[in-house]
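Have a look at the structure below before the remarks.
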Amino acid sequence: MADLEFVGGASCNDFGSEIIPSAVKEHNVQAYLFNDYWEHIGTVKSVFDANLALTEQPPKFEFNDPKTHFYTSPRFLPPTKVEKCRV
């Protein structure tokens, strides 16, 4: 993703209006319509912050909720959950 930050120039930092449109020209960009948890990620910093927020307890989005289907690629398995550990 770091190389996409500079696709449109050094000042390019907005995903919706700069990075994604520039990436479409040179990369295989794909989208998925999702109507559940959503966090605005308009900048590279906000992508980082949104990912970091998922480490909060309790997280804003629960990946291991048995009522919520979560598919990973290429296998359709839930992600690994690590609890009460030190890294």
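The values are calculated or read from the model by the stated rules, or taken from the named source; none is laboratory data. This structure is a prediction, so every number in the text was calculated from the model and none was measured. Virtual Cβ from ideal backbone geometry, glycine too; neighbours counted across all protein chains shown. Keep in mind that these areas ignore ligands, DNA and RNA; they rest on the heavy atoms of the full protein, side chains included. Shrake-Rupley method; radii C 1.70, N 1.55, O 1.52, S 1.80 Å.
Determine if the stretch 36-45 includes at least one residue that is open to solvent by 70 Å² or more (accessible area, probe 1.4 Å) and modelled with pLDDT of 85 or more. So far as the stretch 36-45 goes, yes, one or more of its residues are open to solvent by 70 Å² or more (accessible area, probe 1.4 Å) and modelled with pLDDT of 85 or more. Against the numbered list (1) at pLDDT below 80; (2) assigned to a helix (DSSP H, G or I); (3) open to solvent by 90 Å² or more (accessible area, probe 1.4 Å), SER11 comes up short only at (2). Tallying residues that are at pLDDT 85 or above and either within 30 Å of LYS84 (Cβ to Cβ) or of a type in the set (D, E, K, R) (or both) within the stretch 14-24 yields 0. Against the list (1) out of contact with any Asp or Glu (no Cβ under 8 Å at 6 or more places or on another chain); (2) open to solvent by less than 100 Å² (accessible area, probe 1.4 Å); (3) aliphatic (A, V, I, L, M); (4) modelled with pLDDT of 80 or more, the condition ALA53 fails is (1).
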